[in-house]
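The values are calculated or read from the model by the stated rules, or taken from the named source; none is laboratory data. This is a predicted model, so every value here is computed, not measured. Backbone-built Cβ (ideal geometry, glycine too); neighbour counts: all protein chains shown.
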Amino acid sequence: MNTRTSSRTAARKVQDSRGLELLVRAGYAASGLVHLLLGYLAVQVALHRGGESDQSGAFTQIAKLPVGGAILWITVVGMFALALWLLIQAVLGIGSSSRKRWARSLVSAGKAVAYGALGATALTFAQGGRSSSSSSTRQASGRLLDLPGGPLLLGLVGVGAVAIGGYLVAKGVRQRFTRDIAVPGGSARRPVIVLGVVGYVAKGIAIAVVGVLFVVAAATVDPTKATGLDGAVRSLAALPFGQVLLVAVGLGLIAFGLYTFVRARLAHV
C-alpha cells in the first residue's frame, strides 16, 4: 500500500467517525447562530442603531448571553471540526483525474480555511479577549498592498470574493444546496427550500459586496476601504434605498442561519 492510499484510508476512517460527525453537526448549528446574529446586526445598522455587523459583533452578542461562554467554546470546537472535515474532503479528492473532484477539493479547502478563521476568532472571545474583524481585514489588506504587486494581489482577492458571492447566489437560485442535505418530504420540504434559496442569495450578495470593497481598496491603494463584512453592510446602507436593501439582506442572513440549523440535522456527513 503506497503513501497516498494509506493517507486516503486514514482520512476515510476519520471521516466515518461518529464523534466527528456529531462535532460537525454542532459546528453547523454554531454557524447557524452566528448567521442569525449577523442578520440581526445588519438590520440594526439599517435602523441606525450602530454596532459591529460582522463576526466580531456576532461573537460579542453571544458573549453577553447567560451561557455565552459555553456557547463560544462549543462554537470553537464545532468550527474546527468543520474545518477538519472539509480538509478531509479536500484530501480525498486530491490526485483524482476528475476535474470536478479537483474543483470540489479546492472549494472544500477554501471553506476549511474560512471555518478555521471563524473558529480562531471565536477562540479569542471564548478566552475573554476581543478582536475586530474589520480592523484585522484592514491590517491584512495593508500588508498585502505593501508587497510587490500588492494592489494586483488584493484586486484578485476581491475578484475571488465577488466570484464566491456569485457562486452562492447561483447555488441558492438553482437550489444546488439540496445536494448537501437529505431534503425532507411532505410539508417540511417547502420551508427548507425557501430558507435555503433566500439564505444563499443574501449571503452571496453580502460576500460579493465585500469583494467589491477589496477591489476598490486595490484600485485606490487604500487599505481602509477593505473593511470586510461590516464595511459591506455599511456600504449597502449608504446606497439609494439602502435601508430597505440592507433590511432585506439582514432578513436573508437570518434565513440562512435558520437553514444552517436545519442543515445541522439533515447534512450528509
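Picking from LEU213, LEU239, LEU195, which residue would you name as being of a type outside the set (Asp, Glu), closer than 25 Å to LYS171 by Cα and at pLDDT below 90? Working first, answer last.
Details: LEU239 fails: closer than 25 Å to LYS171 by Cα; LEU195 fails: at pLDDT below 90.
Within the list LEU213, LEU239, LEU195, the selection yields LEU213.
Please give the number of the condition ILE181 fails out of (1) surrounded by fewer than 17 Cβ atoms within 10 Å (Cβ to Cβ); (2) in contact with a strand residue (DSSP E or B) (Cβ under 7 Å, 6 or more places away or on another chain).
The single condition ILE181 does not satisfy is (1).
Is one or more of the residues making up the range 127-146 crowded, with 19+ Cβ neighbours inside 10 Å, under 22 Å from ASP230 (Cα atoms) and in contact with a Phe, Trp or Tyr (Cβ under 8 Å, 6 or more places away or on another chain)?
Yes.
Among the aliphatic types (A, V, I, L, M) and assigned to a helix (DSSP H, G or I): is that true of LEU156 in this structure? Full working, then the answer.
Working: among the aliphatic types (A, V, I, L, M): yes; assigned to a helix (DSSP H, G or I): yes.
Spelling it out, LEU156 is indeed among the aliphatic types (A, V, I, L, M) and assigned to a helix (DSSP H, G or I).
Restricting to the range 154-178, and then to whatever is aliphatic (A, V, I, L, M) and under 24 Å from ARG190 (Cα atoms), can you tell me which residue is surrounded by the most Cβ atoms within 10 Å (Cβ to Cβ)?
Going through the range 154-178, the residues aliphatic (A, V, I, L, M) turn out to be 154, 156-157, 159, 161-164, 168-170, 173.
Those still in the list that are under 24 Å from ARG190 (Cα atoms) too: 168-170, 173.
Numbers: LEU168: 23, VAL169: 19, ALA170: 13, VAL173: 12.
That would be LEU168.
Which residues, counting only those in the range 108-135, are touching a Gly at 6+ places or on another chain (Cβ under 8 Å) and farther than 24 Å from TYR28 by Cβ?
SER134
Take GLY110 and tell me if it is modelled with pLDDT of 80 or more, crowded, with 18+ Cβ neighbours inside 10 Å and in a helix (DSSP H, G or I). Please lay out each step first, then the result.
Working: modelled with pLDDT of 80 or more: yes; crowded, with 18+ Cβ neighbours inside 10 Å: no; in a helix (DSSP H, G or I): yes.
So GLY110 does not fit the description; no.
Please indicate, with yes or no, whether at least one residue in the range 152-159 is over 22 Å from the mean Cα position of the chain (by Cα) and over 20 Å from ASP54 (Cα atoms). Step through it out loud before you land on a result.
From the range 152-159, those over 22 Å from the mean Cα position of the chain (by Cα) are 152; that's our starting set.
Applying the additional criterion that residues be over 20 Å from ASP54 (Cα atoms) yields 152.
Yes, because at least one residue in the range 152-159 is over 22 Å from the mean Cα position of the chain (by Cα) and over 20 Å from ASP54 (Cα atoms).
Would you tally the residues in the range 250-264 being more than 13 Å from SER31 (Cα to Cα) and surrounded by fewer than 24 Cβ atoms within 10 Å (Cβ to Cβ)? Reasoning before the result, please.
Residues of the range 250-264 that are more than 13 Å from SER31 (Cα to Cα), as a first pass: 250-252.
Within this subset, residues satisfying the condition of being surrounded by fewer than 24 Cβ atoms within 10 Å (Cβ to Cβ) are 251.
Adding up the residues that qualify gives 1.
Do any residues in the range 216-228 that are in contact (Cβ under 8 Å) with a residue 60 or more places away in the chain have Cβ atoms under 7 Å from those of residues that are part of a loop (DSSP other than H, G, I, E, B), where the two are at least six apart or on different chains, and which pairs are they?
ALA217/ALA226; GLY228/ASP54
Determine, yes or no, whether GLY231 is touching a Leu at 6+ places or on another chain (Cβ under 7 Å), in contact (Cβ under 8 Å) with a residue 12 or more places away in the chain, surrounded by 16 or more Cβ atoms within 10 Å (Cβ to Cβ) and farther than 26 Å from GLY27 by Cβ.
Numbers: touching a Leu at 6+ places or on another chain (Cβ under 7 Å): yes; in contact (Cβ under 8 Å) with a residue 12 or more places away in the chain: yes; surrounded by 16 or more Cβ atoms within 10 Å (Cβ to Cβ): yes; farther than 26 Å from GLY27 by Cβ: yes.
Considered against the rule, which asks whether it is touching a Leu at 6+ places or on another chain (Cβ under 7 Å), in contact (Cβ under 8 Å) with a residue 12 or more places away in the chain, surrounded by 16 or more Cβ atoms within 10 Å (Cβ to Cβ) and farther than 26 Å from GLY27 by Cβ, GLY231 comes out as yes.
Can you pull out every residue in the range 184-197 that is without any contact (Cβ under 8 Å) to a residue 60 or more places away in the chain and buried (at least 19 other Cβ atoms within 10 Å of the Cβ)?
Of everything in the range 184-197, just one residue is without any contact (Cβ under 8 Å) to a residue 60 or more places away in the chain and buried (at least 19 other Cβ atoms within 10 Å of the Cβ), namely VAL197.
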